[in-house]
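Have a look at the structure below before the remarks.
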Amino acid sequence: MRLFDTHCHFDFSVFAAEFSAHHQAALQQGVERFVIPAIGPENWSRLASLSDYSGVYYALGFHPYFLRSESAASLNLLIDLLDKRSPRCVAVGETGLDWAIEVDKNLQQQMFLKQIELAQAYQLPLILHSRKSDSQIIKLLKQARFTQGGVWHGFSGSEQQAKAFIDAGFKIGVGGVITYSRANKTRRAVAALPASSLVLETDAPDMPMHGLQGQPNHSKYLPRVLHELATLRNSPPELLAEQLWHNSHQLFALDDNN
Ligand SMILES: [Zn+2]
């Protein structure tokens, strides 16, 4: 069974000392592909260097949480890097809006709009971070006539909320949230949505799975999400894994035959 972790912050310091051991531990669990999203200029070059490892891809962009007033000054550098990107750079993000943090809303929207524009221009999908902001995100994507699709990462919403993103051409990133029985609404949603719209993610080292709270989350735990999803959907895990593997490659315009 081959799995694709479509969202893990494998560049974060908790993995830095022994990156190749962490990478190996994930491979041993059948997690063969990874997308590491950017947080901002501070990790862009690290992501490019990690993509020398087998199955490691990355995105470039500005995470809303890490925005500062001077972030806009780095947009030209982002354009430069997108111009000469390697085939391992497969998306713009993670970007989006987070209405649950202190970061200025105007700054967030201005930087999000810029990244929508760039993803459209470079024909790349968007990796979306959305907290209490999903309707505004949909509105901005529509206003910008964005057509490149992408993923709503770390999904914890309802079926209706997910459908609005699916209609806009996005996939739904399913992670450790669904391992908690109290996440009723989200568990019902991922059970009901079309299998073709779903991809797996850990968001490691964040969003620990049920029973593993208090330790850093890890890509090697991705099979737990798969098995929970398979149970919720009443679907054989192997069959579901193949579908999700295919969806993930389609999402990032990668060839899934090698
Ligand atoms: Zn993330």
Please turn the phi angles of the stretch 240-247 into ³J(HN,Hα) values with the Karplus equation 6.51 cos²θ - 1.76 cosθ + 1.60 (θ = phi - 60°), one per residue in order, whole Hz, x for glycine and proline. 4, 4, 4, 4, 5, 4, 5, 4
What is the dipole size for the chain, taken about its Cα centre, with +1 at each Lys and Arg Cβ and -1 at each Asp and Glu Cβ, in debye to the nearest 20? 680
When the charge dipole of the stretch 3-251 is computed with +1 at the Cβ of Lys and Arg and -1 at the Cβ of Asp and Glu, the Cα pointing farthest to the positive end, of 241, 184, 79, is that of 184
Per-residue [θ]222 nm for the chain (sum of -39500 (n - 2.57) over DSSP H runs n ≥ 4, rounded to 500): -12000 deg cm²/dmol
On the first, second and third principal axes, largest extent first, how far apart are the outermost C-alpha atoms of the stretch 205-258 in Å? 37, 26, 15
Show the residues, 5+ positions off or on another chain, whose built amide H is closer than 5 Å to the amide H of residue 91. 60
Once residue 238 and residue 101 are pulled to full extension, the length gained, defined as 0.36 nm per residue separation minus their Cα-Cα distance, is 45.4 nm
On a full-extension model of 0.36 nm per residue, what is the gain between residue 207 and residue 85, subtracting their alpha-carbon distance, rounded to one decimal in nm? 41.0 nm
Could you state how much accessible area residue 58 has, in square angstrom rounded to the nearest 10, with a 1.4 Å probe and all protein chains kept in place? 20
What accessible surface, in Å², does a 1.4 Å probe find on residue 46, ignoring ligands, DNA and RNA and rounding to the nearest 10? 80
For the stretch 1-123, what class follows from the C-alpha gyration tensor (a ≥ b ≥ c being the square roots of its eigenvalues): rounded when a/c is under 1.5, otherwise prolate if a/b is larger than b/c, else oblate? prolate
For residue 147 and residue 25, FRET efficiency with R0 = 30 Å and r from the beta-carbon atoms, rounded to 0.05? 0.20
Please report how far the C-alpha centroid of the stretch 209-240 lies from that of the stretch 114-163, rounded to the nearest whole angstrom. 25
Given contacts defined as C-alpha pairs under 8 Å and at least six residues apart, what's the relative contact order of the chain, whole-number percent? 20
Between residue 246 and residue 164, what is the label-point separation in nm under the 7 Å Cα-to-beta-carbon projection? 3.0
How big is the accessible area of residue 84 in square angstrom, nearest 10, if you roll a 1.4 angstrom probe over the protein chains? 140
Tally Lys and Arg at +1 and Asp and Glu at -1 over the other residues with C-beta under 13 Å from the C-beta of residue 230: what net charge comes out? 0
Ordered by residue, what ³J(HN,Hα) values in Hz, to whole numbers, does the stretch 140-148 give under the Karplus form 6.51 cos²θ - 1.76 cosθ + 1.60, where θ = phi - 60° and Gly and Pro are x? 5, 4, 5, 4, 7, 6, 6, 10, 8
Given an 8 Å cut-off on Cα distances and at least 6 residues of separation, report the relative contact order of the stretch 166-258 as a percent. 30
Applying the Karplus parametrisation 6.51 cos²θ - 1.76 cosθ + 1.60 with θ = phi - 60° to the phi angles of the stretch 70-79, what ³J(HN,Hα) value in whole Hz is obtained for each residue in order, glycine and proline being reported as x? 8, 4, 4, 5, 8, 4, 5, 5, 4, 4
Return the long-range amide H neighbours of residue 97 (sequence gap of 5 or more, or a different chain), with a cut-off of under 5 Å between placed amide H atoms. 129, 131
Heavy-atom surface of the chain, accessible at 1.4 Å and reported per residue (Å²): 44
For the stretch 67-220, calculate the relative contact order in percent as a whole number, restricting contacts to Cα pairs under 8 Å that are 6 or more residues apart. 16
Would you mind classifying the stretch 3-251 by shape? Square roots of the alpha carbon gyration tensor eigenvalues, ordered a ≥ b ≥ c; an a/c under 1.5 is rounded, otherwise it is prolate if a/b is larger than b/c and oblate if not. oblate
Sort the stretch 108-150 into rounded, prolate or oblate with this rule: let a ≥ b ≥ c be the square roots of the eigenvalues of the Cα gyration tensor; rounded if a/c is under 1.5, and if a/c is not under 1.5, prolate when a/b is larger than b/c, oblate otherwise. prolate
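The values are calculated or read from the model by the stated rules, or taken from the named source; none is laboratory data. Just so you know, these numbers come straight off a predicted model, no measurement behind them. All Cβ positions, glycine included, derive from the backbone under ideal geometry; neighbour counts span all protein chains shown. Please note that ligands, DNA and RNA were not included when accessible areas were found on the heavy atoms of the full protein model with its side chains. Shrake-Rupley method; radii C 1.70, N 1.55, O 1.52, S 1.80 Å.
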